[in-house]
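Down below is the structure, laid out as structure tokens.
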Amino acid sequence: MYQRYHPDKNANDPKAADMFKEVTFSYNILSDPDKRRQYDSAGFEAVESDNQELELDLSSLGAVNTMFAALFSKLGVPIKTTVSASVLEEALNGLVTIRPLPLGHYVSKRVEKQCAHFYSVTITEEEARAGFVCRVQSSDKSKFKLLYFDQEDNGGLSLALQEDSAKTGKVTSAGMFFLGFPVYRLDQTMNSIAAAKDPDTSFFRKLDGFQPCELNELKAGTHVFAVYGDNFFKSANYTIEALCAAPFSEEKENLRSIEAQILSKRAEISKFEAEYREVLAQFSEMTSRYAHEIQSIDELLKHRNEIHASYTITPFKRSTSKSRSKSSSKENKEDGQTREKRSTRDRPKKKKWYNIHLRVDKRKAC
């Protein structure tokens, strides 16, 4: 199976990617006892929620299954992964190390796969009103997650938000924007199965994953973020920075404006899809009719030619006529050669002048 769906043999192959989706969905059911019971009782429909969205905990997979998932990720299949249960448990029990991250500074580190680095950021009332941004990027395009945790009364941390890294130019990046107004995030994996089966759907569903973030502002105090290594086999290099949005007033307005345009475009595309599907159906109908009319015309003309050909007494045989013409021309040629020979034989022979016997009378003077 690995050879059959290996990326070297299936680069950018939507069928291979779709096959992986189905196989991994089945694996997701079999590996989850609750979903397995639902499947045993009612089949796939019982566990077919959320468009078969897949979320794999890589830390719980064996080496073979991890390699299997990595191969299809290389094919371009958007695979959703969850944060390791051990990391979440340690955070909930308050057993993680938290490093301070001052506003206006950045930290560059390397985090191991399926591990997390935790950072605390403290903001004032004024900074909270102005807005706050936490961004992470990786220059070597490592995969990671940016996490935000709520602080529990017992001192533990519970996961509240997460943002998967995405390729943006020459880096992978993720960010959380708490600016006091709704900010949106784009989920690239939404409707990925439907998009793989219908190329047009990948366009019309492109903005379906554009959804508002759960939080749009933070209160004054200390907040905890984390960078989680989401690579399959290797660690992730990253740079994290925390910024007050006060110096970025123009960027705030630009963000608000561009996201409003995206929402408007999503509504516009939704209406356009209905028109497009209708026109496409008409085009398919016209194309089918065009092919039918071409065939119908050809058959009518053929029938007409057959009727024309029926107006004759003797069937016209081109091959016989050719042979007759060839034989007659040959006979004419042979007759011409015979007549020429006969005329040559019947013609009297001329005596040559040097064979003529001249009589000379020597008695008469010349």
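Values quoted throughout were computed directly from the atomic coordinates according to the rules given, and no laboratory measurement underlies them. Keep in mind that what you see is a predicted model, and the values were worked out from it rather than measured. Here the Cβ positions follow ideal geometry from the backbone for every residue, glycine too, while neighbour counts run over all protein chains shown.
What to note about this one:
- Length gained when the stretch ASP298-GLU112 is fully extended (0.36 nm per residue, less Cα-Cα span): 59.9 nm
- For the pair SER257 and TYR290, a Förster radius of 35 Å applied to the C-beta separation gives a FRET efficiency near 0.15, rounded to the nearest 0.05.
- Difference of contour (0.36 nm per residue) and Cα-Cα distance, ASP198 to GLU126: 21.0 nm
- For peptides 176-183, 264-271, sequence by mean Cβ density within 10 Å, most packed first: 176-183, 264-271
- Links that overshoot a 21 Å alpha carbon limit, given the list LYS145/LYS252; LYS143/LYS234; LYS167/LYS206; LYS170/LYS265; LYS143/LYS170; LYS113/LYS143: LYS145/LYS252; LYS170/LYS265
- Under 5 Å between amide hydrogens, built in the peptide plane, is the criterion, and for LEU157 it picks out LEU92, ASN93, GLY94, GLU152 among residues at least 5 positions away or on other chains.
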